[in-house]
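Take this structure, written in structure tokens, and hold onto it; I'll ask about it next.
The values are calculated or read from the model by the stated rules, or taken from the named source; none is laboratory data. What you are looking at is a predicted structure, and each value in this text was computed from that prediction instead of being measured. Don't worry about glycine lacking a Cβ; one is built from the backbone with ideal geometry, like all the others, and counts go over all protein chains shown.
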Amino acid sequence: MSEATDAPRRAPAGSGGDLVIPAVGAAFAAYYLWTVWDLSWEAKADGLVVGLVLLVLIALLVARVGLAVAAGRARLGLDALVRPVRPQLTRLALLAAILAFILTLGSLGFTLGVFLFMCAAMLILGVRSPGALVGVAAGVALSGWLLFILFLDTRFPRGPIEQLLARLF
Amino acid sequence: MLGWDPALLGELFLRSLGLWWIILPAILLGIVVGAVPGFNAQNTLVILLPLTLSMDVERALVFMAAMYCATHLGGGIPAILVNIPGTGGAAATTIDGYAMARKGQAQQALVLSFVASVLGGLITSVAVVVFLPYLALMAFYLRSVEMVVVMLFGLTLIAVIAAKDLLKGLIAGFLGLLIGAVGTDHIYSTPRATFGFLELYDGVPLVPALIGLFAISEALEMVEEEALLGDAGLQRVRQGGWADTVEGLRISLQRWWHIVWTGFVGLAIGIIPGAGASIAAFVAYQQSRMYSKTPQLYGTGHPDGVIAPESANNGVTSGTLVPLMAIGVPGGSTAAVMMIVLQYHGVVLGPRLFIESPHLAYGVFVSMVVAYILMIFTILPLARYMARVTLIPTQYLAPLILGFTIVGAFAPREYVFDMGLAVVFGVLGYIARRTGYHVTAILIGIILGPLFEVYLIRALRISQGDPRILFSSAIGNVLWVLLALSLALPLWRERRQRSGKGPAGAAEAPGAGSPAQRGKSAERSRG
């Protein structure tokens, strides 16, 4: 019942999208086996067993997709991953905001970094009200500061806001 | 000789009840810690070591036991509300719990989860007190050979349950196992597949993997929707009053037997050192579906699909402490931290503990009973308010999830690298969701990976590298047969369905595809 209605957003059986995870898996298994090849048997036994089983399973899936494509029941395309285009651009923008947050965390510090990231993420997702943007972002940043910096004293990078708050508290 | 005395147990119960002022804060802390991905009982107990080491041993034990139980309950809350399990043990709860939330039944799902957790934990704790001498023997029968098969069996069950497509489920599970094998090996400490990162020498950290696979990928999925709920669901949650809590309570109590037996599944698996709540929850879910008269409803927001994993993951709590108290072997990482605290206080664990300090040996389980009783009164009234999280528009909810969880990825090891790792897993999880590879199977593989290697290498070293040792034990061979059957059965059902002999949809596994999709489909099926 429910699975039938899943169809519109899932890759059609045997489509190219189905092969992305196996491709990643096969590349990773090959890399893993390459790194353990010259090691003692104790160090590579697990990787050999798991990696080879994974490669066999991937081969079975590739064969299944190949047969489906040959029979005309499936086609090789990445529609499930790249369409519709607009939400994919939003996702890429969100990922860029996350990466920018992580990369600038050292210089901006935790609180300012979280504040700016929250503002950016909400802007990307369509929030336009300045009050909501600043209010939610400031609330999250200050909650994080309270929990992670003040109470748990974690080693998050300290920036200008932390230095200012440290003088006050 | 292990044995028990009713008078002693009565006295212990009253003593534990008298420590309510320690238990209640521990419960509240445990629920919060369990609900926040990145924190769990183990790392919180490590943070709180200065506190527990300075306490009297009995109070420290009561505090740790209560918090441990509460974290297992707390893990189900975000699993139901936003499809992000707070702990690995709540991963199976997402399947039906989130589907219920997407139908506007979050309050009911939370109540089901709370009652199942509390009753499952309570009953199994009582059972442990009564049957402790016999339960302790179970851990002796499972050695490295059997544990290798148990791990593979668990992974196979998850692949069968979580993914619609068995082959994709197995690929996801084995990919997870291989990711779990990254890091230095256990004998010579040689780095393997670390991509040159020192941060991966200890293996792939679980918290960034969990956060990436579940939280980041879920937030990326939400982008296309304005709200988690459809109009009917929104209306239902807005109008939801105490009646939904009462209804959830009624449904749970109606299924008391279901709670009991799935709790015992958790207990049995919890006793096996290393198996843990993740496997227990999935095995209970699979068993629940197998014996259900309506297996086709699992994955669409079925109450039994919430009850089974939640009862089982709380059944595990008392189970993991059985080998610790009875033979001095911790059943899991949290039990290991508890062992450190007990040893610091000079407590010698093992059979002698029951003779020399029965108030401690049995006291821990009695305090769990008391904690569970107090827990239900603490948590149940909150379900109504927690359910309102599902009303938050996704343009706020997705950034909130991202903000809190990416920061949470930093917390356990305090490496900025782990935040980047969470993003990598987020992208992997997103691709997996879109193409029908279940993220849960990947996560459980990552959790089991290091354990699987430990047991595999131990078995192979005993046999000096001869793989035939894996088929040398009677219990192990029975488990191999069960594993083969669990692989063959879905294929057989599928063939039967194709030939039109089986019940429509009966063998259809839930959970594949995006969770958003599951919710939508559940919404439609309800309509």
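Identify the residue in region B:275-329 that is outside any helix (DSSP H, G or I) and small (Gly, Ala, Ser) and, among all such residues, is nearest to residue B:339 (Cα to Cα).
Ranking the candidates gives B:328 first.
Scan region A:148-164 for residues that are part of a loop (DSSP other than H, G, I, E, B), over 24 Å from the mean Cα position of the chain (by Cα) and of a type in the set (D, E, K, R) and jot them down.
Correct list: A:153, A:158.
In region A:113-132, which residues are among the aliphatic types (A, V, I, L, M), farther than 16 Å from residue B:410 by Cα and surrounded by 18 or more Cβ atoms within 10 Å (Cβ to Cβ)?
Of everything in region A:113-132, those that are among the aliphatic types (A, V, I, L, M), farther than 16 Å from residue B:410 by Cα and surrounded by 18 or more Cβ atoms within 10 Å (Cβ to Cβ) turn out to be A:118, A:120, A:121, A:122, A:124, A:125, A:127.
Could you run through region B:281-322 and say how many residues are without any contact (Cβ under 8 Å) to a residue 24 or more places away in the chain and within 15 Å of residue B:72 (Cβ to Cβ)?
The number of residues fulfilling the criteria is 0.
Taking region B:470-512 only, how many residues are modelled with pLDDT under 55 and either away from chain A (no Cβ under 14 Å) or out of contact with any Gly (no Cβ under 6 Å at 6 or more places or on another chain) (or both)?
So the answer is 8.
Taking the criterion of being more than 9 Å from every other protein chain (Cβ to nearest Cβ) and free of Cβ contacts under 8 Å to residues at least 60 places away in the same chain, would at least one residue in region B:393-400 satisfy it?
No.
Out of all the residues in region B:375-392, which are surrounded by fewer than 21 Cβ atoms within 10 Å (Cβ to Cβ) and either modelled with pLDDT of 85 or more or not in a loop (DSSP other than H, G, I, E, B) (or both)?
B:376, B:377, B:378, B:380, B:381, B:382, B:384, B:385, B:386, B:388, B:389, B:391, listed by residue number.
Ok, one more. Can you pull out the residues in region B:444-456 that are surrounded by 23 or more Cβ atoms within 10 Å (Cβ to Cβ), under 18 Å from residue A:44 (Cα atoms) and β-branched (Val, Ile, Thr)?
B:446
Would you pick out the residues in region B:306-335 that are more than 16 Å from residue B:118 (Cα to Cα) and not hydrophobic (A, V, I, L, M, F, W, C)?
Across region B:306-335, the qualifying residues are B:320, B:323, B:328, B:330, B:331, B:332, B:333, B:334.
Please find, among B:176, B:233, the residue that is over 26 Å from the mean Cα position of the chain (by Cα) and either closer than 20 Å to residue B:83 by Cα or assigned to a helix (DSSP H, G or I) (or both).
Just a single option satisfies the conditions, and that option is B:233.
I'd like the full set of residues that are aliphatic (A, V, I, L, M) and either away from chain A (no Cβ under 14 Å) or within 17 Å of the chain's Cα centre (by Cα) (or both), limited to region B:284-316.
Hits for region B:284-316 are B:284, B:290, B:306, B:307, B:308, B:312, B:316.
Something else now. Within region B:57-84, can you find the residues that are at pLDDT below 85 and not in a helix (DSSP H, G or I)?
The answer is B:83, B:84.
Further question on the same structure: Condition first: more than 19 Å from residue B:178 (Cβ to Cβ) and facing chain B (nearest Cβ under 7 Å). Now tell me which residues in region A:41-63 satisfy that.
None; the set is empty.
Okay, moving on. Residues being over 15 Å from residue B:222 (Cβ atoms), within 9 Å of another protein chain (Cβ to nearest Cβ) and surrounded by fewer than 18 Cβ atoms within 10 Å (Cβ to Cβ): count how many of those fall in region A:87-102.
1
A quick yes/no check of all residues on (1) surrounded by fewer than 21 Cβ atoms within 10 Å (Cβ to Cβ); (2) within 22 Å of residue A:81 (Cβ to Cβ):
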site: B:123; (1), (2): no, no
site: B:169; (1), (2): no, yes
site: B:172; (1), (2): no, yes
site: B:178; (1), (2): no, no
site: B:186; (1), (2): yes, no
site: B:192; (1), (2): no, no
site: B:202; (1), (2): yes, no
site: B:207; (1), (2): no, no
site: B:221; (1), (2): no, yes
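Right, here's the next one. Just checking, how many residues over region B:352-399 are within 26 Å of residue B:101 (Cα to Cα) and of a type in the set (Gly, Ala, Ser)?
3
Could you run through region B:429-469 and say how many residues are closer than 16 Å to residue B:213 by Cα and within 7 Å of another protein chain (Cβ to nearest Cβ)?
Selection size over region B:429-469: 6.
So if I check each of B:422, B:432, B:459, B:441, which one is buried (at least 21 other Cβ atoms within 10 Å of the Cβ), assigned to a helix (DSSP H, G or I) and more than 23 Å from the chain's Cα centre (by Cα)?
B:459
Does residue B:227 count as part of a helix (DSSP H, G or I) and either of a type in the set (Gly, Ala, Ser) or under 28 Å from residue B:405 (Cβ atoms) (or both)?
Criteria not met by residue B:227.
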